[in-house]
Amino acid sequence: MLGRLAMRLLAVTSGQSAQGGVTDDEAIVGEVTLRGTVTLALICTGLGALGGLIYLWVRRVLPDSLRGRVIGYGLFSGAVGGAFFVHEHGSFDYTVVAPAWLAVAMFVALPLLFGLTVPALVEVTDREGGLGRRVPLVVLVVLALSVALPPPTGDRSDDRHGRSLSPSGRSSTSRTSTSARPPIDYCGVRG
């Protein structure tokens, strides 16, 4: 939820000229929706699981000490995640949303903090007598999937591109008008 707080802080510090503007991710500055928050939480859960798997893959090349692994993976995550979030080109996110230094600092700090947390959680869970050793793998996978996968919804009226969906979930060629589309929230999902 730190990502949601970072987005909200940037919306507040950007002033009136940025309010209502559309970001690079097709989000509307200043709008916070429950659907957007839930979507962001689900995306972060998926990315967190992926980051945990990446850590399990690279930990054999990290230092043996927990402190060395935490610092090494934190720096790795901060560098890779920061490069993913921060764009060099003149984008809305770093030219209109202000101050730019705050946006850059927060979106490099978020993956850095993630990278500092994952090794500690994985090592504590994976050690002798830890939760990862006491609970059967199937239970952990079912638990992870129940958190990561969104619940089915009954509303299949339109997909994220404004196309009508048939009962089978396939989009038809008819498009709704732009003015009839609901606003886009922070995750690029119409809410």
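The numbers here are math on the coordinates, done by the rules we state, and not lab data. All values derive from a computational prediction rather than experimental measurement. No Cβ is skipped: glycine too gets one built from the backbone with ideal geometry, and neighbour counts run over all protein chains shown.
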**Item:** Calculated FRET efficiency for the pair Leu56/Asp24, C-beta based, R₀ 25 Å, to 0.05
**Value:** 0.20
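Would you tally the net charge around Arg59, using a Cβ to Cβ cut-off of less than 14 Å, leaving Arg59 out, and scoring K and R as +1, D and E as -1? Spell out each step's value before the answer.
Values: positive: Arg60, Arg67, Arg69, Arg127; negative: Asp64, Glu123, Asp126.
Every neighbour counted, the sum reads +1.
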**Request:** Output ³J(HN,Hα) for the stretch 90-103: one whole-Hz value per residue in order, computed from phi by the Karplus curve 6.51 cos²θ - 1.76 cosθ + 1.60 with θ = phi - 60°, and x for Gly and Pro.
**Result:** x, 9, 4, 4, 10, 10, 9, 5, 10, x, 4, 4, 5, 4
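Decide, for the stretch 17-147, between rounded, prolate and oblate: order the square roots of the alpha carbon gyration tensor eigenvalues as a ≥ b ≥ c, take rounded if a/c falls under 1.5, and otherwise choose prolate if a/b is larger than b/c, else oblate.
On the way: a/c = 3.40, a/b = 1.66, b/c = 2.04.
Note, shape of the stretch 17-147 comes out oblate.
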**Fill in**
Proxy exposure order for Val118, Val142, Val108, Val32 (fewest C-beta within 10 Å first) is Val142, Val32, Val108, Val118
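Rounded to the nearest 0.05, what FRET efficiency do Glu123 and Leu9 give with R0 = 35 Å and r taken as the Cβ-Cβ distance? Could you check?
Working: r = 32 Å, r/R0 = 0.90.
About 0.65, to the nearest 0.05.
Estimate the FRET efficiency between Arg35 and Phe84 by the formula 1/(1 + (r/R0)^6), using the beta-carbon distance for r and 25 Å for R0, to the nearest 0.05.
Numbers: r = 24 Å, r/R0 = 0.95.
Approximately 0.60, to the nearest 0.05.
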